[in-house]
Amino acid sequence: MALKARRNILLDHRINRAKTYPYTIPGSSYIFREGHSLKFLGPLNLADLKGRRPVLAVGSNQSPNQLARKFAARDWGPIPVIRAKVKGYDSVYSPHITSYGSIPATLQEVSGVTASLFVTWLNNDQMMRMHETEIADSNYTFGILVDLNAEMEVGPPIKETYVYISNHGHLCDAGQPIPLSEINALKRRQTGRSQLEIQQFVRDFLEPRIEIDEFIRISIDSREIRRRRSIQLRTLAQSIQLKSFYKISI
């Protein structure tokens, strides 16, 4: 295969990765191990979770595809990924662009909404690896969310969970947070948008003359342009208000 053709295939792959965030999210709880997801076949109890901490996933960390990218190169052991109906919160877009070109998610408190999210139960090694992928670039702050009202599909109930919160606030349209359409939620007052729709929204605001795939390609290829675009998006952002969130220094 010619070099140019290989480069085009790689480019198409990178753009597709950016446009398909938050990737495939299963409809039920699962065990992630060695790049694969296995559906739960039995109960989960406290003994199974010994030495693990719950971490709420609000975007692509719910997907086995993203976990496979983050936990590659070695056997990190199994990760229980438990579906939860979380009341009073929603998954909304953060006003920044990732290194792989996507507009990512963050958590926001939204009265009356019940979001279908997942809790990853991580051991110490897995937690440190997750820190590397989430907070190394200073886009997210790690902390604990207390007074949680969540209905767990599998395993014991929880009243608090760790979570990563965007340092950039949440992206707004007409002053309102924009939910992810790929995340199921009840009683939303705002219409959710897909990754492609939010990319077009951001493109139209920043550089409306650029074709959408080219806009995404530039975000992927240039760290400086990515940074500049993220700064410009702050004019469409509001700060995140989570009254039950407490920052933890790493």
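The values are calculated or read from the model by the stated rules, or taken from the named source; none is laboratory data. In this text the structure is predicted, and so the values were computed from the model without any measurement. Here the Cβ positions follow ideal geometry from the backbone for every residue, glycine too, while neighbour counts run over all protein chains shown. With ligands, DNA and RNA removed, areas are computed over all heavy atoms of the protein, side chains included. Shrake-Rupley method; radii C 1.70, N 1.55, O 1.52, S 1.80 Å.
Of all residues in the range 28-42, those satisfying the criterion of being in contact with a strand residue (DSSP E or B) (Cβ under 8 Å, 6 or more places away or on another chain) and either in a loop (DSSP other than H, G, I, E, B) or charged (D, E, K, R) (or both) are Ser28, Ser29, Arg33, Lys39, Phe40. Among residues belonging to the range 180-216 that are touching a residue at least 60 places away in the same chain (Cβ under 8 Å), basic (Lys, Arg) and more than 15 Å from Thr20 (Cβ to Cβ), point out the one that is least open to solvent (accessible area, probe 1.4 Å). Only one residue fits best here, namely Arg188.
Can Tyr23 be described as part of a loop (DSSP other than H, G, I, E, B) and at positive phi? Yes; evaluated as a whole, the condition is true for this residue. Inclusion of Pro104 among residues that are modelled with pLDDT of 95 or more, crowded, with 17+ Cβ neighbours inside 10 Å and under 21 Å from Cys172 (Cα atoms) is warranted. Please specify each residue of the range 157-177 satisfying the condition of being open to solvent by less than 30 Å² (accessible area, probe 1.4 Å) and at negative phi. Ile158, Thr161, Val163, Tyr164, Ile165, Ser166, His170, Leu171, Cys172, Pro177 - these are the residues of the range 157-177 that are open to solvent by less than 30 Å² (accessible area, probe 1.4 Å) and at negative phi.
Scanning the range 100-116 for residues that are in contact with a helix residue (DSSP H, G or I) (Cβ under 6 Å, 6 or more places away or on another chain) and either of a type in the set (A, V, I, L, M) or free of Cβ contacts under 8 Å to residues at least 12 places away in the same chain (or both) yields a single hit, Ile103.
Looking at the structure I just gave you, is Val113 open to solvent by less than 20 Å² (accessible area, probe 1.4 Å) and within 25 Å of Ile212 (Cα to Cα)? So Val113 does not fit the description; no. Here Arg188 meets the list (1) more than 18 Å from the chain's Cα centre (by Cα); (2) assigned to a strand (DSSP E or B); (3) under 29 Å from Leu236 (Cα atoms); (4) not hydrophobic (A, V, I, L, M, F, W, C) almost entirely, failing just condition (2).
Here is a check on your reading of the model: is Ile183 at pLDDT 95 or above and assigned to a loop (DSSP other than H, G, I, E, B)? In short, yes. Applying the criterion of being open to solvent by 40 Å² or more (accessible area, probe 1.4 Å) and modelled with pLDDT of 95 or more to the residues of the range 50-64, the residue that is farthest from Pro179 (Cα to Cα) is Arg52. Within the range 217-244, which residues are in a helix (DSSP H, G or I), in contact (Cβ under 8 Å) with a residue 60 or more places away in the chain and not charged (D, E, K, R)? Of everything in the range 217-244, those that are in a helix (DSSP H, G or I), in contact (Cβ under 8 Å) with a residue 60 or more places away in the chain and not charged (D, E, K, R) turn out to be Ser219, Ile220, Ser230, Leu233, Leu236. Out of Ala68, Ala18, Ala47, one residue alone is open to solvent by 50 Å² or more (accessible area, probe 1.4 Å) and either of a type in the set (A, V, I, L, M) or assigned to a strand (DSSP E or B) (or both). It is Ala47. Could you look through the range 117-148, keep only residues that are assigned to a strand (DSSP E or B) and touching a helix residue (DSSP H, G or I) at 6+ places or on another chain (Cβ under 9 Å), and pick out the one that is surrounded by the most Cβ atoms within 10 Å (Cβ to Cβ)? If we take residues in the range 117-148 being assigned to a strand (DSSP E or B) and touching a helix residue (DSSP H, G or I) at 6+ places or on another chain (Cβ under 9 Å), then Leu117 is surrounded by the most Cβ atoms within 10 Å (Cβ to Cβ).
Filtered by the rule that a residue be without any contact (Cβ under 8 Å) to a residue 24 or more places away in the chain and either at positive phi or part of a helix (DSSP H, G or I) (or both), the range 71-99 gives a lone residue, Ala73.
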